[in-house]
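Inspection log for the structure reproduced underneath, given as structure tokens.
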Amino acid sequence: MNDDQSNAPGLSAAELQRYARQLGDGVLSREGQLRLKQSTALVTRVGGMGGPAALMLAMAGVGRVIIAHGGEMISADLNRQVLGSEAVVGQPRTAPFADYLRSMNRFVEVEAIDHEPDDEEADELARRVDIIVSCPPTFKERLRLNRCAVDAGIPLVDAAQWGMTGTLMVVQPAESACLECVYPETPPFEELFPVVGAISSMIGSMAALEAIKILSGTGKPLVGKMLTYDAFEGRMTTIHLERRAGCPVCS
Ligand SMILES: [Zn+2]
């Protein structure tokens with residue numbers, strides 16, 4: 001059987017074979033897999049969390065993955081970066097990262113943006129993607145992506161990390177609290193905060209999983225909730241988030 005012969009509309013036999021382990025009861029339906037293929041996801045940035053998030057989205061078969069991240073990879077990234085190796089240190093990140101993602105799934109298109117999108121570009125991107133997986137370290141960027149997602153009416157998965165703790169939040173515009181509801185005042189930003197790569201990968205993978213669930217229509221996404229895993233204490237908590245009356249972004 002070749003790639004042209006298909007058992008499901010829009011999915012080739014080779015794709016069905018490739019995704020066989022994620023198709024079935026309790027995972028994705030074929031229709032869900034097709035919806036993934038027809039989806040575009042923006043991941044910004046692609047460091048310790050966004051790297052594994054982009055990788056998991058590409059491996060799962062999201063049809064188009066757009067990655068955005070400025071600057072060159074440095075050796076201090078190597079404790080948590082899964083898309084780049086020692087060989088990439090000193091080089092701009094996104095081109096080799098995009099090549100790696102393409103090498104992992106020939107059925108996925110990868111678009112690389114070699115900088116952090118500003119307000120205007122983020123707005124434009126939000127209008128041509130189906131979901132944003134937000135993984136920047138700064139609240140300024142996270143709140144910008146939140147605003148763009150709410151304005152465009154698309155879901156946003158916000159991932160954050162510090163030390164051995166990760167947090168995850170899913171925003172569904174007009175339905176759930178947004179990031180600005182939770183952080184009405186921008187918290188201070190610590191430039192070189194500590195982080196262990198294993199928590200970055202964990203929370204990045206969980207962010208990808210939420211995006212996969214939403215895009216494919218599988219399971220119960222964490223809409224309107226914040227999940228926190230404090231690995232230092234070995235404690236996972238999930239809290240419900242209320243929309244904030246008068247929120248300048250979502251109300
Ligand atoms: Zn809000």
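The values are calculated or read from the model by the stated rules, or taken from the named source; none is laboratory data. As the structure is a computational prediction, the values presented were derived from the model and not from experiment. Reconstructed Cβ throughout: ideal geometry from the backbone, glycine too, with neighbour counts over all protein chains shown. SASA here: full protein model, heavy atoms, side chains in, ligands and nucleic acids out. Shrake-Rupley method; radii C 1.70, N 1.55, O 1.52, S 1.80 Å.
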Selected from Ser201, Ser29, Ser216 as most flexible by GNM, with the chain as the system and alpha-carbon contacts under 10 Å: Ser29
Accessible area, probe 1.4 Å, largest first, for residues Met56, Met73: Met56, Met73
Per-pair calculated FRET efficiency, R0 = 41 Å: Lys220 and Phe189 via Cβ, rounded to 0.05: 0.80
Accessible area (Å², 1.4 Å probe, nearest 10) - Glu185: 150 Å²
Helix-only mean residue ellipticity at 222 nm for the chain, each DSSP H run of n ≥ 4 adding -39500 (n - 2.57), per residue, nearest 500: -10000 deg cm²/dmol
Per-pair calculated FRET efficiency, R0 = 25 Å: Ser75 and Lys140 via Cβ, rounded to 0.05: 0.45
Distant-in-sequence amide H partners of Gln91 (H built 1.01 Å from N, under 5 Å): Met73
Sum of side-chain charges, Ala58 neighbourhood, beta-carbon under 11 Å (Lys, Arg +1; Asp, Glu -1): +2
Debye, to nearest 20: dipole size of the range 93-251, +1 on Lys, Arg Cβ, -1 on Asp, Glu Cβ: 660 debye
Residue list for the range 33-53, given a label point 7 angstrom along the Cα-to-Cβ vector of Leu23 and an amide N cut-off under 16 Å: 33-38
Cα-projected label distance for Ala14 with Asp99, points at 7 Å along beta-carbon direction, nm: 2.2 nm
Computed lengthening from Glu121 to Arg244, 0.36 nm per intervening residue step minus Cα-Cα distance: 41.6 nm
Accessible area in square angstrom per residue, the range 8-152, 1.4 angstrom probe: 42 Å²
All lysines inside 17 Å of Lys37 as judged from Cα atoms, apart from same-chain residues fewer than 8 positions distant: Lys213
